[in-house]
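Peer 1: Dumping the structure here so I can ask a few things about it.
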Amino acid sequence: MKAEIQTFKNVIRETAIYRSNTVASFLVILVPILFLLVFWNSAFDTVESIGGYSRNQLFAYYLLVVFLQDVLLIRVNYEISGDVRSGRLSSYLLRPFGYIRHCFSVFMAVSSNALLYTGFIVIPILALMSPEFFRLTPALCIGALSLLLASLISFCFGSCFGCISFWFEDISSLQTGLGIFVPILSGAFLPMSFFPGWLKGLLEVLPFRYSLSFPVEVLSGRIDTFASLNGLIIQVFWVIVGAILLMFTWSKGKRVYTAYGS
Amino acid sequence: MSYRKAISRLINLSVRQTFEHRSNLYLNLTLQVINYGFLILFIEIIFSRVNTVAGWSVDEMQLLGVVSQSSAVLYSVFFSGGISRLQESVRTGGFDYFLLKPLDAQVHCSVSRINPLGLIALIGPLIWVAFLVSQRNLHLSLPLIPVVFFILCLGVVIRYSFGLGTAVLSFLLTKVSALQSLQSALLNQSHFPISMYSGWMRTFAIYMVPVALIANSPTLILLEGGTGYYSIILLLYSVLSVVFTRYLYTTLVKKYTSASS
């Protein structure tokens with residue numbers, strides 16, 4: 001555990017050194033959402049509500065997406081595939097701690113940092129727009145729990161994806177694909193209630209929704225307590241599936257790893 | 001060796017390299033089609049709930065999406081491959097390779113990864129425009145297509161200037177990857193209608209970072225045959241940005257230390 005805590009601290013320090021890069025990374029998420037908000041603002045000129053959302057509710061939804069997106073979207077796969085491709089993984093395998101646990105420490109450190117940076121901007125705006133977010137309600141508690149589970153889902157599935165590098169030399173196109181699919185399927189661009197029925201039904205059963213839009217909807221109080229608890233159970237299910245899949249791909253991948261490039 | 005010959009050799013080499021990783025090429029093309037499909041779906045979903053957004057109809061928005069996508073594809077075909085590798089080559093000292101060649105290093109690294117096969121990604125969007133014109137009666141000023149293409153190229157020039165302008169900062173800073181992603185994220189917002197901007201956002205999106213002009217100017221010419229004002233701003237901006245980027249490059253390249261080579 002000591003090694004993991006030290007890794008966590010190192011990543012935090014490294015991020016502090018490259019502050020401008022970290023701020024720019026946050027702006028990369030903020031910019032598309034800002035343009036989207038201006039677009040939606042124009043769309044609300046002619047109607048009162050769209051897809052069951054008022055102007056303020058939709059803005060709050062997107063702000064929460066900005067706040068959580070950097071934490072929850074699958075990024076860990078770049079670390080793992082980079083280590084496998086470059087052969088750096090060999091040095092980790094020789095160390096007296098598990099590689100996946102190390103990745104988890106890095107993931108948690110990066111996520112905590114992202115929450116801190118985005119929180120500086122997003123929380124005051126949310127507090128001004130919708131003060132009800134910050135009352136200690138069951139939705140807030142369930143939301144915090146669903147956030148934790150969502151990050152576990154992201155980590156497990158992201159790591160599984162990174163493990164594909166054990167079998168394929170270059171997965172950059174697959175990663176680009178993931179970068180296109182995940183934000184859309186997880187509700188980063190459009191809330192789930194906007195999607196046509198058939199697509200919504202499909203997204204309800206896939207893990208993407210439970211890695212972003214579900215915690216956002218719980219935190220914004222759009223889902224009642226019963227449905228939230230139900231969603232938590234589905235999240236736990238996806239965490240278990242993701243963890244099993246990760247253990248499987250990691251143990252199989254290690255066997256075919258040739259330390260090419262090291 | 002003349003620039004024309006050198007560039008044609010680089011293209012030749014790039015095509016061969018691309019065919020070495022054919023599956024990657026096909027996957028990338030498929031992803032571009034899917035990406036565009038999602039954009040159409042996004043627009044259709046929104047317009048199933050509202051009739052117009054900032055005065056634009058669903059068909060006009062989709063045309064804007066096609067033009068924006070075309071601009072992104074042209075940039076990616078001609079420049080993005082070379083520019084995106086600049087940071088890494090500066091960090092590793094590989095930039096020496098460009099400096100030692102009898103070609104201008106800025107031109108060489110900019111066009112070192114031209115990938116003409118990427119133009120295939122334009123086929124899907126163009127088929128969609130044909131569908132919009134024939135099935136949904138979208139009226140376009142077709143005789144103005146050469147002008148539209150010229151204005152579209154100005155947008156690509158602006159993308160190039162921003163892309164290279166950010167990349168050359170790697171002569172000064174250790175990490176510019178996030179800045180590169182930021183400029184790319186900013187310029188990729190060109191698929192939104194210009195009339196949605198007001199106040200400071202309008203000033204920003206038209207005069208500071210002309211993201212609102214890149215796709216809107218050619219689209220408005222195609223739709224209305226007018227808006228010369230925006231095109232003139234785009235022309236001026238592209239000339240100034242090229243000059244400024246050249247100045248930035250020549251100034252910053254002097255800081256290059258060839259550290260790791």
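Peer 1: Quickly run through region A:178-218 and pick out the residues that are more than 21 Å from A:Leu30 (Cα to Cα) and either within 14 Å of chain B (Cβ to nearest Cβ) or among the β-branched types (Val, Ile, Thr) (or both).
Peer 2: If we filter region A:178-218 for residues that are more than 21 Å from A:Leu30 (Cα to Cα), which is where we start, we get A:193-207, A:210, A:218.
A:Ser193, A:Phe194, A:Phe195, A:Pro196, A:Gly197, A:Trp198, A:Leu199, A:Lys200, A:Leu202, A:Leu203, A:Val205, A:Val218, listed by residue number.
Peer 1: With the checklist (1) under 16 Å from A:Gly179 (Cα atoms); (2) aliphatic (A, V, I, L, M); (3) not in a helix (DSSP H, G or I) in hand, flag the one item A:Ile29 doesn't pass.
Peer 2: (3)
Peer 1: Exactly one condition in (1) assigned to a helix (DSSP H, G or I); (2) among the charged types (D, E, K, R); (3) buried (at least 17 other Cβ atoms within 10 Å of the Cβ) is false for B:Arg113; which is it?
Peer 2: B:Arg113 satisfies all of (1) assigned to a helix (DSSP H, G or I); (2) among the charged types (D, E, K, R); (3) buried (at least 17 other Cβ atoms within 10 Å of the Cβ) except (1).
Peer 1: To continue, here is another question. Kindly establish whether B:Val50 is touching a Phe, Trp or Tyr at 6+ places or on another chain (Cβ under 6 Å), hydrophobic (A, V, I, L, M, F, W, C) and within 14 Å of another protein chain (Cβ to nearest Cβ). Even if it seems obvious, please write down each step before you answer.
Peer 2: On the way: touching a Phe, Trp or Tyr at 6+ places or on another chain (Cβ under 6 Å): no; hydrophobic (A, V, I, L, M, F, W, C): yes; within 14 Å of another protein chain (Cβ to nearest Cβ): yes.
Against the criterion (touching a Phe, Trp or Tyr at 6+ places or on another chain (Cβ under 6 Å), hydrophobic (A, V, I, L, M, F, W, C) and within 14 Å of another protein chain (Cβ to nearest Cβ)), B:Val50 does not qualify.
Peer 1: Would you check if there is a residue in region A:54-66 being within 26 Å of A:Leu219 (Cβ to Cβ), assigned to a strand (DSSP E or B), in contact (Cβ under 8 Å) with a residue 60 or more places away in the chain and over 23 Å from the mean Cα position of the chain (by Cα)? Walk me through how you get there before you give the answer.
Peer 2: Taking region A:54-66 first, the residues within 26 Å of A:Leu219 (Cβ to Cβ) are A:54-66.
Narrowing the set further to residues that are assigned to a strand (DSSP E or B) leaves A:54.
Still in the running and in contact (Cβ under 8 Å) with a residue 60 or more places away in the chain: none.
Within region A:54-66 (the criterion being within 26 Å of A:Leu219 (Cβ to Cβ), assigned to a strand (DSSP E or B), in contact (Cβ under 8 Å) with a residue 60 or more places away in the chain and over 23 Å from the mean Cα position of the chain (by Cα)), the answer is no, since none of the residues qualifies.
Peer 1: Picking from B:Glu20, B:Glu44, which residue would you name as being within 12 Å of chain A (Cβ to nearest Cβ), surrounded by fewer than 16 Cβ atoms within 10 Å (Cβ to Cβ), within 27 Å of A:Phe35 (Cβ to Cβ) and of a type in the set (D, E, K, R)? Before the answer, list the steps.
Peer 2: On the way: B:Glu20 fails: within 27 Å of A:Phe35 (Cβ to Cβ).
Exactly one of B:Glu20, B:Glu44 is within 12 Å of chain A (Cβ to nearest Cβ), surrounded by fewer than 16 Cβ atoms within 10 Å (Cβ to Cβ), within 27 Å of A:Phe35 (Cβ to Cβ) and of a type in the set (D, E, K, R), namely B:Glu44.
Peer 1: Next up: Considering region B:12-22 alone, what residues qualify as being in a helix (DSSP H, G or I) and within 22 Å of A:Asp170 (Cβ to Cβ)? Let's see the steps before the verdict.
Peer 2: As a first pass, look at region B:12-22 and keep what is in a helix (DSSP H, G or I): B:12-20, B:22.
Correct list: B:Leu13, B:Ser14, B:Val15, B:Arg16, B:Gln17, B:Thr18, B:Phe19, B:Glu20, B:Arg22.
Peer 1: Also: Show the residue pairs that are 6+ apart or on different chains and have beta-carbon atoms under 9 Å apart, the first residue being within region A:213-240 and at positive phi, the second being of a type outside the set (Gly, Ala, Ser) and part of a helix (DSSP H, G or I).
Peer 2: A:Gly221/A:Glu132; A:Gly221/A:Phe133; A:Gly221/A:Leu140
Peer 1: Of all residues in region A:27-52 being in contact (Cβ under 8 Å) with a residue 12 or more places away in the chain and farther than 18 Å from B:Ile43 by Cβ, which is nearest to the chain's Cα centre (by Cα)?
Peer 2: The residue in question is A:Ile29.
Peer 1: Criterion first (within 13 Å of the chain's Cα centre (by Cα) and among the hydroxyl-bearing types (Ser, Thr, Tyr)) does B:Ser89 satisfy it? Walk me through it before giving the result.
Peer 2: Details: within 13 Å of the chain's Cα centre (by Cα): no; among the hydroxyl-bearing types (Ser, Thr, Tyr): yes.
It is false that B:Ser89 is within 13 Å of the chain's Cα centre (by Cα) and among the hydroxyl-bearing types (Ser, Thr, Tyr).
Peer 1: While we're looking at this one, here's another question. Collect the residues in region A:157-188 that are under 11 Å from the mean Cα position of the chain (by Cα) and assigned to a helix (DSSP H, G or I), keeping them in residue-number order.
Peer 2: Within region A:157-188, A:Phe157, A:Gly158, A:Val182, A:Pro183 meet the criteria.
Peer 1: Failed condition for B:Ser161, given (1) over 15 Å from the mean Cα position of the chain (by Cα); (2) surrounded by 18 or more Cβ atoms within 10 Å (Cβ to Cβ); (3) modelled with pLDDT of 90 or more, with all others met?
Peer 2: Only one criterion is unmet by B:Ser161, namely (1).
Peer 1: So which residues in region A:10-46 are closer than 20 Å to A:Phe189 by Cα and among the β-branched types (Val, Ile, Thr)?
Peer 2: If the condition is that a residue be closer than 20 Å to A:Phe189 by Cα and among the β-branched types (Val, Ile, Thr), then A:Val28, A:Ile29, A:Val31, A:Ile33, A:Val38 are the ones that fit.
Peer 1: Name, by its number, the condition in (1) in contact with a Gly (Cβ under 6 Å, 6 or more places away or on another chain); (2) closer than 30 Å to B:Thr251 by Cα that does not hold for B:Gln180.
Peer 2: (1)
Peer 1: Another question, if that's okay. Checking the structure you have, find out if any residue of region A:33-41 is assigned to a loop (DSSP other than H, G, I, E, B) and either facing another protein chain (nearest Cβ under 9 Å) or not polar (S, T, N, Q) (or both).
Peer 2: To start, the set of residues in region A:33-41 that are assigned to a loop (DSSP other than H, G, I, E, B) comprises none.
Taking every residue of region A:33-41 in turn, none turns out to be assigned to a loop (DSSP other than H, G, I, E, B) and either facing another protein chain (nearest Cβ under 9 Å) or not polar (S, T, N, Q) (or both).
Peer 1: While we're here: Residues that are within 14 Å of chain A (Cβ to nearest Cβ): find the helices (runs of 4 or more DSSP H) completely inside region B:155-261 holding 3 or more of those.
Peer 2: On the way: elements: B:177-187, B:199-203, B:211-224, B:228-252.
Where helices (runs of 4 or more DSSP H) fall fully within region B:155-261 and carry at least 3 residues being within 14 Å of chain A (Cβ to nearest Cβ), they are B:177-187, B:199-203, B:211-224.
Peer 1: Has region B:195-211 got any residue that is within 19 Å of the chain's Cα centre (by Cα), surrounded by 14 or more Cβ atoms within 10 Å (Cβ to Cβ) and touching a residue at least 60 places away in the same chain (Cβ under 8 Å)? Don't jump to the end; show me each part of the working.
Peer 2: We begin by selecting, within region B:195-211, every residue within 19 Å of the chain's Cα centre (by Cα); these are B:204-211.
Within this subset, residues satisfying the condition of being surrounded by 14 or more Cβ atoms within 10 Å (Cβ to Cβ) are B:204-206, B:209-211.
Keeping just the survivors that are touching a residue at least 60 places away in the same chain (Cβ under 8 Å) gives none.
Taking every residue of region B:195-211 in turn, none turns out to be within 19 Å of the chain's Cα centre (by Cα), surrounded by 14 or more Cβ atoms within 10 Å (Cβ to Cβ) and touching a residue at least 60 places away in the same chain (Cβ under 8 Å).
Peer 1: Taking region A:147-193, which residues are polar (S, T, N, Q) and touching a Phe, Trp or Tyr at 6+ places or on another chain (Cβ under 6 Å)?
Peer 2: Restricting attention to region A:147-193, the residues satisfying the condition of being polar (S, T, N, Q) are A:151, A:154, A:159, A:165, A:172-173, A:175-176, A:186, A:193.
Across region A:147-193, the qualifying residue is only A:Ser186.
Peer 1: Which one of these is within 12 Å of chain B (Cβ to nearest Cβ), buried (at least 19 other Cβ atoms within 10 Å of the Cβ) and closer than 23 Å to A:Leu152 by Cα: A:Thr7, A:Thr22?
Peer 2: Working: A:Thr7 fails: within 12 Å of chain B (Cβ to nearest Cβ).
One residue alone meets the criteria, A:Thr22.
Peer 1: Being among the aliphatic types (A, V, I, L, M) and within 14 Å of A:Phe107 (Cα to Cα) is the filter here; which residues of region A:1-24 pass it?
Peer 2: Residues of region A:1-24 among the aliphatic types (A, V, I, L, M): A:1, A:3, A:5, A:11-12, A:16-17, A:23-24.
A:Ile5, A:Val11, A:Ile12 - these are the residues of region A:1-24 that are among the aliphatic types (A, V, I, L, M) and within 14 Å of A:Phe107 (Cα to Cα).
Peer 1: Taking region A:42-59 as the search range and keeping residues that are more than 9 Å from chain B (Cβ to nearest Cβ) and of a type in the set (D, E, K, R), which one is nearest to B:Ser181 (Cα to Cα)?
Peer 2: A:Arg55
Peer 1: Additional query: Could you please give the count of residues in region A:221-252 that are over 23 Å from A:Gln57 (Cα atoms) and either in contact with an Asp or Glu (Cβ under 8 Å, 6 or more places away or on another chain) or not in a helix (DSSP H, G or I) (or both)?
Peer 2: 0
The values are calculated or read from the model by the stated rules, or taken from the named source; none is laboratory data. Model, not experiment: these values are computed from the prediction. Glycine also receives a Cβ, built like all others from the backbone with ideal geometry; neighbour counts cover every protein chain displayed.
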